[in-house]
Amino acid sequence: SAKTPEIGFDIPAAIGMRVEEIQTPALIIDLDAFERNVARMKQFSETMGVSLRAHAKTHKSADIALYQMAEGGAVGICCQKVSEAEALIRGGLTDVLIANEVTDPKKIDRLARLAKFARISVCVDDASVVAALSAAAVRHGVRLDILVEIDCGARRCGTAPGVPAAELGRIVSAAENLELAGIQAYHGGAQHIYDPAKRRVEIDRVVALVRDTVDHFEQAGLQCRSVTGAGTGTYNLEAMSGLYTEIQPGSYIFMDADYARVGATDGNGTIGGFEHALFVLTSVMSKPASGRAVCDAGLKTHSIDSGLPFVFDRDGVTYVDASDEHGNLDDPDDVLALNDRLRLVPGHCDPTCNLHDCFVGVRDGVVETLWPVTARGKVY
Ligand code: PLP
Ligand code: MN
């Protein structure tokens, strides 16, 4: 029999509680802002006539992914890892693109098995993997959709655009139980370029490489129903290219501090009107000296690879340094007192979510939802 989870032992909050009672540090979602972000991207994709395949690496939550499917205009989701897909499919998702390469034979077998329960697509950038994918699909009696990933400037995975990509496409289309779905073209670095003109230049370059690749697919008589990629920093540019059929933004639902910097250069402090919706709720645990304070949110509660968090809605207080369990705050006017609560906007949302067991969804100062981070730690 399932025991009711206890606050502190199991969870940081309970539904119906006031925000002031949440045990900190906790990862909280402003549900109103989150829902507006989801609705905004739905509206954008519908207006532009591109499919929205929301990336679930951001939140790793079955509840959020199902909400994006039901209310957010998503046609499916992306995952980065097979285990992430396993967790989310178990949670009820039925159309998953692994927007990444899977090369280990055992992982390929797990992936093919998943196709019994959901529609599965995956990227390839190496001909040697195609045979293994095909054999696994035959073994499990399933079909897999395959996207040829091109390196369009990120220098991460991906085959060279143009002729090599079309050659790989030809190998895929000849393989049993594999369906050549099209092209994956994602440029991660471009998402985080702060200058909008430079972002545009970079995506123009991407689009030219994609166009060349699509042309080679056509010349080779290969089908290419899907051209997919893009994230929160550039989704509008790929959508406007007329070439992309699908966009894969993830962070748009939360908008971390780095995306605020990307958007700030657009003049409105956000990208396309998206709002901060994810916060680390933290408490002041020490006021050891004039001019500074210490809070209970450090490296184990938020990720600082894209910069430090900023303090939301509280002028004059700055988060200046993180250690494992502490955050150092500059408090020049000594406005902070013990047990004061602050909301931090994390520097980078995706790895931050992976540090927590659950999201505490808040509306009008009251806890409305507790959503498990379903695929927390599912990185294998
Ligand atoms: N697509 C792929 C392949 C990614 O790796 C990522 C993020 O790293 C995204 C989409 C989503 O990007 P963002 O969270 O910046 O919107
Ligand atoms: Mn990210």
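The values are calculated or read from the model by the stated rules, or taken from the named source; none is laboratory data. Given the structure is predicted, the values throughout are model-derived calculations rather than measurements. Every residue, glycine as well, gets a Cβ built from its backbone with ideal geometry; the counts of neighbours run over all protein chains shown. With ligands, DNA and RNA removed, areas are computed over all heavy atoms of the protein, side chains included. Shrake-Rupley method; radii C 1.70, N 1.55, O 1.52, S 1.80 Å.
Number of residues in segment 332-348 that are open to solvent by 40 Å² or more (accessible area, probe 1.4 Å) and aliphatic (A, V, I, L, M): the value is 3. Could you please find all residues in segment 1-20 being without any contact (Cβ under 8 Å) to a residue 24 or more places away in the chain and outside any loop (DSSP other than H, G, I, E, B)? The one that is without any contact (Cβ under 8 Å) to a residue 24 or more places away in the chain and outside any loop (DSSP other than H, G, I, E, B): I7.
Mind checking which residues of segment 169-204 are polar (S, T, N, Q) and within 21 Å of C79 (Cα to Cα)? Those that are polar (S, T, N, Q) and within 21 Å of C79 (Cα to Cα): Q184, Q191. In segment 112-129, of all residues being within 23 Å of Q248 (Cα to Cα) and more than 16 Å from ligand 1 (Cβ to nearest atom), the one that is surrounded by the most Cβ atoms within 10 Å (Cβ to Cβ) corresponds to A112.
Just a yes or no: is a residue in segment 303-310 crowded, with 21+ Cβ neighbours inside 10 Å and more than 16 Å from ligand 1 (Cβ to nearest atom)? The answer is yes, given that some residue of segment 303-310 is crowded, with 21+ Cβ neighbours inside 10 Å and more than 16 Å from ligand 1 (Cβ to nearest atom).
Residues in segment 133-154 that are in contact with a strand residue (DSSP E or B) (Cβ under 8 Å, 6 or more places away or on another chain) and open to solvent by 20 Å² or more (accessible area, probe 1.4 Å): R143, D151.
Screening segment 349-375 for residues that are out of contact with any helix residue (DSSP H, G or I) (no Cβ under 6 Å at 6 or more places or on another chain), open to solvent by 40 Å² or more (accessible area, probe 1.4 Å) and within 20 Å of H55 (Cβ to Cβ) and picking the one that is nearest to ligand 2 (Cβ to nearest atom) gives P351.
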